[in-house]
Structure formats: C-alpha cells, structure tokens
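Trainee: Sharing a structure with you now.
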Amino acid sequence: MDKEFASLASICSRSRSHALGFAPAQFIPPNQLDPKTMNITTAQLFDNARSHNEFAAAAIPEATLRQLYDLLKWAPTSANCSPARFIFVTTPEAKARLLPAMSPGNLEKTKQAPVSVIIGMDMAFYDKLPQLFPHADAKSWFVGNEAMIAATAFRNSSMQGAYLIMAARSLGLDCGPMSGFDAAKVDAEFWAGSSVKTNFIVNLGHGDASKLFSRSPRLSFEEACQIA
C-alpha cells in the first residue's frame with residue numbers, strides 16, 4: 001500500500017494549472033506528500049486539457065521524465081507485456097535527426113517543444129514475458145504468431161502512450177500528440193538494429209494557452225455510445 005501511495009502522491013507533485021493562466025505548483029518529492037492532500041481533478045486531466053502546438057522554451061529536467069515513466073509504467077497491458085519503448089528527444093542534435101521525418105504541419109511545433117517523445121512498440125516484447133508475467137509461459141502464446149504479435153504490440157503500446165499523456169498532464173506538463181510523420185524514417189534514425197517500430201510521437205512542455213484555437217466539438221453520448 002505504501003508503494004501505491006507513493007506512486008499516487010507523485011502524480012500530485014505538480015498542479016496543471018497553466019491552462020488557466022497559473023504556473024505549476026512547486027515540485028514536492030512523493031515521500032514528503034500526504035496522500036490525503038492530493039487534489040488531481042478531472043478538469044486538469046480532461047476538461048481543461050488541450051493538445052498544444054506552441055510551447056515555452058523552459059527545459060524539462062531528466063528527473064521529471066523519470067517520474068513521468070514511473071507513472072505511465074502502471075498502464076494495464078495484455079499479460080503485462082508492456083511493449084512500449086520511449087525515446088525522449090531533448091538535445092538539438094537529436095531534434096535535428098527527428099525533424100526531417102516530420103510532416104510540414106508538425107515540423108515547427110516539434111522543433112519548438114522542449115521534449116519530443118517517440119513512442120515505439122517492441123515487436124519482440126514477448127522475450128520479456130518471463131520477467132513480466134512469470135506465473136505462466138506467456139511467451140509461447142506469441143512466438144511465431146505474427147498477427148497476434150502485431151495486434152498486441154500496437155494496441156498495448158497505444159495504451160501506454162495514452163497513459164504517458166495523462167501522467168504528463170498530472171505532472172503539470174502539456175502534450176501535443178502527433179501521427180503526421182514518416183515512420184520509416186523515424187525507425188531508421190532511432191530504432192535501427194532493434195525490434196522496435198514507431199507508433200506515435202508526443203511533444204511535451206509548458207504550452208502557450210494564448211495560441212490555442214477554440215476547442216473542437218466532440219460526439220455526444222448518443223452519437224458514440226450504446227448501452228447493451
């Protein structure tokens with residue numbers, strides 16, 4: 001339970017309030033937080049959260065990126081397979097390698113963002129199942145079944161990428177997820193010689209809310225849902 005409290009407390013270490021024009025709260029180490037004081041809201045994670053295209057220049061410390069991963073790693077995945085792999089692109093040199101693969105509409109925002117996260121999917125994720133799912137021979141479920149490997153890697157790395165977005169928002173960061181890029185170029189530049197392929201990319205930083213356009217509509221419950 002203490003471990004769960006520590007993980008939950010770390011979610012609340014920063015308040016995502018800059019969408020409303022306020023600066024994030026000062027970081028407090030999880031072991032100094034009282035779980036009873038946590039105040040993450042649905043507005044912070046959903047209602048007021050936006051996909052940002054412009055970011056402040058402030059860097060994101062490596063400690064925050066590590067904290068981010070320590071939150072998103074709890075995403076549920078099939079047989080705990082955890083196929084997502086992450087590259088945090090932070091340096092000008094790494095950005096220079098990434099930018100040629102971005103579509104024109106995503107080029108400037110990716111150049112500007114302090115961090116661009118390449119979310120990959122390890123097509124050999126099953127090799128780690130003896131470690132991640134030790135109570136069954138789960139590796140044998142996948143070996144040789146290419147269709148199942150592809151579906152599982154894509155579905156579950158997407159889930160982990162969604163958790164990355166929510167974890168980032170909980171830490172006071174803004175996100176700009178993107179699918180407009182040349183995946184083959186990204187794979188060749190960043191995953192060459194590995195079994196990983198790119199799923200999607202997320203820009204991270206402190207977004208400029210003044211540059212947001214009006215929020216687009218969403219489907220109503222009646223349009224999108226059924227109760228069976």
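Trainee: From (1) open to solvent by 30 Å² or more (accessible area, probe 1.4 Å); (2) within 12 Å of the chain's Cα centre (by Cα), pick out the condition that doesn't hold for Gly161.
Mentor: (1) is the only condition that Gly161 fails.
Trainee: Take region 197-227 and flag every residue that is aliphatic (A, V, I, L, M) and either part of a helix (DSSP H, G or I) or in contact with a Pro (Cβ under 6 Å, 6 or more places away or on another chain) (or both).
Mentor: Hits for region 197-227 are Val202, Ala209, Ala224.
Trainee: Does Ser140 satisfy the criteria of being of a type outside the set (Asp, Glu), within 18 Å of Asn53 (Cα to Cα) and loosely packed, with under 15 Cβ neighbours inside 10 Å?
Mentor: no
Trainee: Also, I was wondering about something else. Which one of the conditions (1) under 23 Å from Leu65 (Cα atoms); (2) charged (D, E, K, R); (3) touching an Asp or Glu at 6+ places or on another chain (Cβ under 8 Å) does Asp122 fail to meet, given that it meets all the rest?
Mentor: It fails just one condition, (3).
Trainee: Checking Thr64 against (1) more than 17 Å from the chain's Cα centre (by Cα); (2) in a helix (DSSP H, G or I), only one condition comes out false. Which one?
Mentor: (1)
Trainee: Now, a different point. Taking the stated definitions as given, is Leu65 touching a Cys at 6+ places or on another chain (Cβ under 8 Å) and not basic (Lys, Arg)?
Mentor: Judged against the criteria, Leu65 is not a match.
Trainee: Can you tell me how many residues in region 173-209 are out of contact with any strand residue (DSSP E or B) (no Cβ under 7 Å at 6 or more places or on another chain) and either closer than 15 Å to Gly120 by Cβ or free of Cβ contacts under 8 Å to residues at least 40 places away in the same chain (or both)?
Mentor: 8
Trainee: Here is a check on your reading of the model: is Leu98 open to solvent by less than 20 Å² (accessible area, probe 1.4 Å) and either without any contact (Cβ under 8 Å) to a residue 24 or more places away in the chain or outside any strand (DSSP E or B) (or both)?
Mentor: yes
Trainee: Would you call Met121 in contact with a Pro (Cβ under 6 Å, 6 or more places away or on another chain) and either aliphatic (A, V, I, L, M) or closer than 19 Å to Ile165 by Cβ (or both)?
Mentor: Judged against the criteria, Met121 is a match.
The values are calculated or read from the model by the stated rules, or taken from the named source; none is laboratory data. Computed from a predicted model, the values in this text were never measured in an experiment. Every residue, glycine among them, receives a Cβ derived from its backbone with ideal geometry; neighbour counts consider all protein chains shown. We work out accessible area using only protein heavy atoms, side chains counted, and drop any ligands, DNA or RNA first. Shrake-Rupley method; radii C 1.70, N 1.55, O 1.52, S 1.80 Å.
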